[in-house]
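Single-structure report; data block below.
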Amino acid sequence: MSKLSGMTGFGRADGAGQGWTWSVEARSVNGRNLEVRFRGPNGFDALERAAKTAGQARFARGQVNLAVQTKRVESREAAVTVNSAVLARYLTLANELAEDGATPPSADGLLALRGVIEAPEEVEDPEARAALEAAIAKTVEEALDALKISREVEGALLAPVLEDFIARIEALVAQAETEATAQVEAIRERFTRRITELAPDAPGLEERIFLEAAVLATKADAREELDRLTAHVAAARQLVASAPAGRKLDFLMQEFMREANTLCSKSATTALTGIGLELKAVIEQLREQVQNVE
């Protein structure tokens, strides 16, 4: 059985090789759907597709942001190259000027002249480049794995919170069932009192009042809503025990609130109305927490 996962988390991984070092950071926040965003260095465009594919393979919802930073490690052996031919020409000119009385040039002055020091041109090796990108892509996956663990930790903290709200809803539904049964008797007593207050001897009045009472009692019957709420409680518990469950829980919250609204509209007593309002408040609190579930 999969673990419940949240949508907020952070993961990081580092790597080095082939004269490069790199770091990858993966962050995620809540999102109705899955969106993987990538930001990487110039020249590594092929990484974006690999990163998005890796993110889509691990997550179902949330906004995932991947950031890759790379740095070239300078090689000491190739750091300095002296162009001997250019240096020789500068020395010849310097000696000619020295014969005319000019100050002889210093070594650092000669090395500072244009063309004496050359940076070696790097020849791009396609195979080496592909191997480098593959190594960075592996580090991206490591960062995403760390993010996944972080989100699962959040899910482990969320699970008991969700279960507590579900238990409170279940308790309120039980109270509503008791009060809904009692409200039929309350309706009967109310109309009996009205018969006594009005003219009990009026022809046909008692029959019409009892007919209206029966109609009202039928409209106030909340058995269907309470049965559906009970079923929703069971479904919510099953979803909390599985993953990913965020979208299904989102939909279930709508159904919870629909039944709670209908229960309030059918209420004929202040007690049942109070229970219905409290039920709606707890459902809304649960809905807010569900927004954090993948």
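Read the figures in this text as sums done on the coordinates, not as results from a lab. For clarity, every value in this text was computed on a predicted model and none was experimentally measured. All Cβ positions, glycine included, derive from the backbone under ideal geometry; neighbour counts span all protein chains shown.
If r is the Cβ-Cβ distance from Leu277 to Val153 and R0 is 30 Å, what FRET efficiency results, to the nearest 0.05?
Numbers: r = 35 Å, r/R0 = 1.17.
The value I calculate is 0.30.
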If R0 = 51 Å, then Glu284 and Arg49, at their Cβ-Cβ distance, give a FRET efficiency to the nearest 0.05 of 0.80
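Using a cut-off of 13 Å between beta-carbons, work out the net charge of the residues near Thr139 (Lys and Arg +1, Asp and Glu -1, Thr139 not included).
Numbers: positive: Arg12, Lys138; negative: Asp14, Glu25, Glu133, Glu141, Glu142, Asp145.
Spelling it out: positives minus negatives among the neighbours equals -4.
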In nm, the gap between the two label points placed 7 Å beyond Cα toward Cβ at Thr230 and Ala67 is 5.3 nm
Between Val161 and Asp125, the FRET efficiency computed from the C-beta separation at R0 = 51 Å comes out, to the nearest 0.05, as 0.40
Using alpha carbon centers only, region 1-76 is separated from region 235-294 by a whole-angstrom value of 36 Å
